[in-house]
1. Suppose we keep only residues that are surrounded by fewer than 16 Cβ atoms within 10 Å (Cβ to Cβ) and in contact (Cβ under 8 Å) with a residue 12 or more places away in the chain within the range 201-214. Which one would you say is farthest from the chain's Cα centre (by Cα)?
2. Give the residues of the range 137-184 that are aliphatic (A, V, I, L, M), over 16 Å from His62 (Cα atoms) and surrounded by fewer than 23 Cβ atoms within 10 Å (Cβ to Cβ), sorted by residue number.
3. Quick one: in the range 88-118, of everything that is small (Gly, Ala, Ser) and under 18 Å from the mean Cα position of the chain (by Cα), which residue is nearest to Asp266 (Cα to Cα)?
4. Would it be correct to say that Ala43 is at pLDDT 95 or above and either among the acidic types (Asp, Glu) or out of contact with any helix residue (DSSP H, G or I) (no Cβ under 8 Å at 6 or more places or on another chain) (or both)?
5. Is at least one residue of the range 258-271 surrounded by 19 or more Cβ atoms within 10 Å (Cβ to Cβ) and not basic (Lys, Arg)?
6. Quick one: in the range 42-59, of everything that is over 19 Å from Val105 (Cα atoms) and touching a residue at least 12 places away in the same chain (Cβ under 8 Å), which residue is surrounded by the fewest Cβ atoms within 10 Å (Cβ to Cβ)?
7. Based on what the data block shows, is Asp225 part of a loop (DSSP other than H, G, I, E, B), closer than 30 Å to Trp161 by Cα and under 19 Å from the mean Cα position of the chain (by Cα)?
Amino acid sequence: MSVRIGVVGAGFGSRVVAGVFAATEGCEVVDVVSARDPAVVGALCARPDVDLISVHAPPFLHRLYVEQAIDAGHAVLCDKPFGRNLADAEAMLAAVEAAGTVGLVNFEFRCDPARIQLQALVESGVIGAVEHVHWSAFSSGSRLPLRRYGWLFDRELGGGWVGAWGSHAVDFIRWAVGEVTDASAALHTTITVRPDADGNEHRCTAEDGFTAALELEGGITVAIDTSFASPVNLASRIVISGSDGLLECVGDHRISLRLSDGFKKDIDPPPTATGGDPHLVPMQAWATEVRDSVRDGAPVPGAPTFVDGVECARVLDLLRARPL
């Protein structure tokens, strides 16, 4: 039986998600609609020939469309960040639990080959008990060329680098290392004014970078430093330090293991970029998990659900509200 999917979103939803689902065995994309037309989205949700609504709208529309899809009896895949804030996230979780349907969050990088390998190495105990994580990621994606003003730079609409990129980082940390117990951050906006599509300038109310400190269960500490307005791109670097050694992952394509007894090993996971887009390989694997979750009527083991979305949103709210 094919899982019939309606995709909401003419950007990432159309460019990546719809194409991946269409190429996945056992999936059928029945329609792709713009997130900017609530009436069209409502009509898609009302269709009886849909099993899953895949929502890839801006965060300020997540709750509206997720609740419409649930009310119509469909399973839902919602993109990250999961709503604008914790209140949105908790409302969506309550709706999916009341309906008894499948609710998944698009943390597709759990299916990235390098991150799967990194998580498995941590879980194996090869570096001993984890003590500290350091993550740096610098992108020129909003600076060169200058990205025009839109919801991403408007805090009230759910914009900001904390949600856009930090949500993936927080999810990986929760999944691979441990639950977050406290968090704070220094937010910064490097480019404070941006022109919209018509050339009108707007002041940015959401951050384009941040430096964060997290505390995890067991006393593990995490430091994150990242920007979406860097003058150049620099490969992301994740360092996980344990009692017996450390793991370093650079650019999601090279992992180095170093132990205190002098042992060294470099690991090259399978490539993660197809056609230059780092989302495609993890999305291809994630699509099969989404398909199987909808078919089975329950999330497959390890699939990120609305519960994970709420826990991530809880941390993101702390990062936005609690200064270092």
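The values are calculated or read from the model by the stated rules, or taken from the named source; none is laboratory data. All figures in this text were calculated on a predicted structure; none of them were measured in a lab. Cβ: placed from backbone, ideal geometry, glycine included. Neighbour counts: every protein chain shown.
1. Glu201
2. Result: Leu144, Leu146, Ala176, Val177, Val180.
3. Residues of the range 88-118 small (Gly, Ala, Ser): 89, 91, 94-95, 98-100, 103, 114.
With the extra rule that they be under 18 Å from the mean Cα position of the chain (by Cα), the set shrinks to 89, 103, 114.
On the way: Ala89: 39, Gly103: 37, Ala114: 12 Å.
The qualifying residue nearest to Asp266 (Cα to Cα) is Ala114.
4. Working: at pLDDT 95 or above: yes; either among the acidic types (Asp, Glu) or out of contact with any helix residue (DSSP H, G or I) (no Cβ under 8 Å at 6 or more places or on another chain) (or both): yes.
Here the answer is yes, as Ala43 does meet what is asked.
5. The answer is no; no qualifying residue exists.
6. Looking only at the range 42-59, we keep the residues that are over 19 Å from Val105 (Cα atoms), and these are 42-44, 46-49.
Within this subset, residues satisfying the condition of being touching a residue at least 12 places away in the same chain (Cβ under 8 Å) are 42, 44, 46-47, 49.
On the way: Gly42: 15, Leu44: 23, Ala46: 13, Arg47: 14, Asp49: 9.
Among residues in the range 42-59 that are over 19 Å from Val105 (Cα atoms) and touching a residue at least 12 places away in the same chain (Cβ under 8 Å), the one surrounded by the fewest Cβ atoms within 10 Å (Cβ to Cβ) is Asp49.
7. Taking the combined requirement at face value, the residue does not satisfy it.
Residue-by-condition table, conditions (1) among the basic types (Lys, Arg); (2) farther than 24 Å from Arg36 by Cα:
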residue	(1), (2)
Arg110	yes, yes
Ser124	no, yes
Phe138	no, yes
Gly159	no, no
Val162	no, no
Thr181	no, yes
